[in-house]
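The values are calculated or read from the model by the stated rules, or taken from the named source; none is laboratory data. A quick note: this is a predicted structure, and the numbers were derived from the prediction, not measured. We place every Cβ from the backbone using ideal geometry, glycine too, and count neighbours over all the protein chains shown.
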Amino acid sequence: MQGSVRKKGATWSYRVDFGIHNGKRHQVEKSGYKTKKEAVKALNDVVYQYNKTGDYVENQKITFQEVYTEFIEKEAPATRAYATIVRYKSLYRNHFANRFDSFYMYQIGANSIDDFINEKMTKYSEEYVKGLYKFLKVLFGYAYKRKYTKKDIFEEVTTPPDPRHVGEIRSYTNEELLQMSNRLQNTNVITSFFIALNTGLRESEVFGLQWSNVDFENKKIAVKKQLLFQDKKWCFCPLKTKNAYRSVNITDSFCTYLKNLKAQQDENRAIYGDGYKRNFVTERLIKNKENLIEVTDFVNVKTNGEMLTTNSIKFLSRTIRDDLGIQFKFHNLRHTYATILAESGISPRYVQEMLGHSKLEFTLKYYTHVTEKMGALARNALESSVTFDAFK
């Protein structure tokens with residue numbers, strides 16, 4: 001490949017010779033640069049792109065709006081979860097449309113993105129702004145992959161800082177757990193509290209649980225779906241990753257608790273008779289298909305059989321905060337479950353399987369979150385395994 005610059009009249013141009021392709025010589029020439037320096041820079045960009053990708057791409061006259069629409073209609077349905085697409089649409093509508101829609105993709109530079117992100121940092125949380133950054137990166141990456149732009153400008157965009165709370169693990173002490181369980185006794189939400197604490201299930205998995213998922217004989221719970229609120233209705237949806245489909249072992253005592261709970265619900269059903277609530281959800285377990293189904297065996301129900309949903313967490317959190325002074329997040333019960341296993345010396349691979357993590361690194365954070373109890377376990381293990389008699 002050879003390239004050169006030259007002056008043509010009052011402006012400068014560059015020419016690149018890519019050699020023979022398919023029996024024909026492939027050359028590109030661009031003119032209209034005011035200075036030789038501008039022409040050389042443009043030439044160097046072409047050379048860099050060709051050396052990096054083995055291809056030459058011209059910037060296409062396609063707007064930000066057109067790229068977004070194409071991505072949402074063609075790419076996203078095949079590669080993104082429904083909830084993610086809904087979030088993308090909200091971010092576009094509330095933040096991107098007015099700012100970028102009328103520009104061609106190649107006209108939006110790294111500095112423009114940096115200015116946009118910095119502006120949002122003054123108004124929104126770090127976590128929210130990181131979400132804006134990630135979606136913009138997705139769109140520009142898509143444009144580059146489709147050869148609408150000759151380079152991915154996000155190689156030059158400044159990455160915003162990670163949210164301060166990322167990586168932090170908040171697990172509850174035995175004293176806090178006892179306080180919370182005592183306060184929640186005789187409330188509708190006590191079952192969801194116990195399930196999360198004893199299984200590490202995510203909140204949408206907890207409330208999607210059915211009795212058909214509970215294997216009393218083998219003391220296991222099969223996690224097969226999640227309950228989400230989509231399009232103003234409650235839906236059974238696929239889990240986020242293939243690893244999330246799992247079988248979670250439960251203790252003898254928790255198995256007994258669930259047996260007693262089911263017996264109580266069967267008794268309530270008999271007492272209420274025809275007045276026992278019927279629950280309907282939209283099943284979206286198969287892509288692009290949905291059916292309205294009746295669910296007769298939700299684990300989390302009120303006394304009258306009415307299904308409980310993740311909306312119940314608002315009451316749970318408010319009650320614990322106001323009555324006990326504990327800042328409660330339902331997801332921290334999952335952290336507590338994992339921390340208990342880690343402190344007990346359970347294999348990280350086993351914990352990964354129980355939590356449904358797609359990567360072991362997500363699980364290992366519970367092991368790097370070293371506690372005094374883990375240190376004591378390590379000392380006891382060494383004490384029982386290593387003898388110093390030979391050195392006496």
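Is there any pair linking a residue in the stretch 15-40 that is over 14 Å from Gly3 (Cα atoms) and at pLDDT 75 or above to one that is among the aromatic types (Phe, Trp, Tyr) and not in a loop (DSSP other than H, G, I, E, B), with Cβ under 8 Å and at least six apart or on different chains, and which?
Qualifying pairs under 8 Å: Tyr33/Trp12; Tyr33/Tyr14; Lys34/Trp12; Thr35/Trp12; Glu38/Trp12.
Count, please, the residues in the stretch 203-232 that happen to be over 21 Å from the mean Cα position of the chain (by Cα) and loosely packed, with under 13 Cβ neighbours inside 10 Å.
To start, the set of residues in the stretch 203-232 that are over 21 Å from the mean Cα position of the chain (by Cα) comprises 210-222, 232.
Among the residues that remain, those that are also loosely packed, with under 13 Cβ neighbours inside 10 Å are: 212, 217-218, 232.
Summing the residues that are over 21 Å from the mean Cα position of the chain (by Cα) and loosely packed, with under 13 Cβ neighbours inside 10 Å in the stretch 203-232 gives 4.
Out of the residues in the stretch 312-326 meeting the condition of being free of Cβ contacts under 8 Å to residues at least 12 places away in the same chain and not acidic (Asp, Glu), tell me which one is surrounded by the fewest Cβ atoms within 10 Å (Cβ to Cβ).
Initial filter on the stretch 312-326 (free of Cβ contacts under 8 Å to residues at least 12 places away in the same chain): 314, 318, 321-322, 325.
Still in the list and also not acidic (Asp, Glu): 314, 318, 321, 325.
Numbers: Lys314: 11, Arg318: 11, Arg321: 12, Gly325: 8.
So the residue we want is Gly325.
Going residue by residue through the stretch 135-153, is there one that turns out to be polar (S, T, N, Q), touching a residue at least 24 places away in the same chain (Cβ under 8 Å), closer than 30 Å to Tyr104 by Cβ and not assigned by TED's automatic domain parsing to the domain that holds Tyr337?
Looking for residues that are polar (S, T, N, Q), touching a residue at least 24 places away in the same chain (Cβ under 8 Å), closer than 30 Å to Tyr104 by Cβ and not assigned by TED's automatic domain parsing to the domain that holds Tyr337, one finds at least one in the stretch 135-153, hence yes.
Ala78 - would you say it is surrounded by 14 or more Cβ atoms within 10 Å (Cβ to Cβ) and either assigned to a helix (DSSP H, G or I) or assigned by TED's automatic domain parsing to the domain that holds Lys7 (or both)?
So Ala78 does not fit the description; no.
Condition first: assigned to a helix (DSSP H, G or I), free of Cβ contacts under 8 Å to residues at least 40 places away in the same chain and closer than 18 Å to Lys151 by Cα. Can you find one or more residues in the stretch 102-111 that meet it?
Within the stretch 102-111 (the criterion being assigned to a helix (DSSP H, G or I), free of Cβ contacts under 8 Å to residues at least 40 places away in the same chain and closer than 18 Å to Lys151 by Cα), the answer is yes, since at least one residue qualifies.
Do any strands (runs of 3 or more DSSP E) lying entirely in the stretch 201-279 carry at least 3 residues that are closer than 24 Å to Phe362 by Cα and outside the structural domain of Ile346 (by TED's automatic domain parsing), and which ones are they?
Answer list for the stretch 201-279: none.
Within the stretch 134-182, take every residue that is within 21 Å of Asn94 (Cβ to Cβ) and modelled with pLDDT under 90 and give me the one that is nearest to the chain's Cα centre (by Cα).
Pro163
Given the conditions (1) surrounded by fewer than 17 Cβ atoms within 10 Å (Cβ to Cβ); (2) in contact (Cβ under 8 Å) with a residue 24 or more places away in the chain; (3) under 23 Å from Gln265 (Cα atoms); (4) not small (Gly, Ala, Ser), report the number of the one that Ile169 does not fulfil.
The one condition Ile169 does not meet is (3).
Looking only at the stretch 298-324, count how many residues are small (Gly, Ala, Ser) and at pLDDT below 95.
The number of residues fulfilling the criteria is 2.
Can you tell me which residue among Val301, Val281, Val248 is of a type in the set (Val, Ile, Thr), within 23 Å of the chain's Cα centre (by Cα) and crowded, with 19+ Cβ neighbours inside 10 Å?
Val248
Just one of (1) without any contact (Cβ under 8 Å) to a residue 12 or more places away in the chain; (2) on the phi < 0 side of the Ramachandran plot trips up Gly273, so point out which.
For Gly273, the failing item is (2).
Under the condition of being of a type in the set (Ser, Thr, Tyr) and out of contact with any Ser or Thr (no Cβ under 8 Å at 6 or more places or on another chain), which residue from the stretch 1-45 is surrounded by the fewest Cβ atoms within 10 Å (Cβ to Cβ)? Give the steps one after another, and end with the answer.
Going residue by residue through the stretch 1-45, those that are of a type in the set (Ser, Thr, Tyr) are 4, 11, 13-14, 31, 33, 35.
Checking which are out of contact with any Ser or Thr (no Cβ under 8 Å at 6 or more places or on another chain) leaves us with 4, 35.
Values: Ser4: 13, Thr35: 11.
Looking at the filtered set, the residue picked out is Thr35.
Just give me the residues in the stretch 121-133 being part of a helix (DSSP H, G or I) and at pLDDT below 95, in sequence order.
Met121, Glu126, Glu127, Tyr128, Val129, Lys130, Gly131
Among the numbered criteria (1) part of a helix (DSSP H, G or I); (2) surrounded by 17 or more Cβ atoms within 10 Å (Cβ to Cβ); (3) at pLDDT below 90, which one does Tyr88 miss?
(3)
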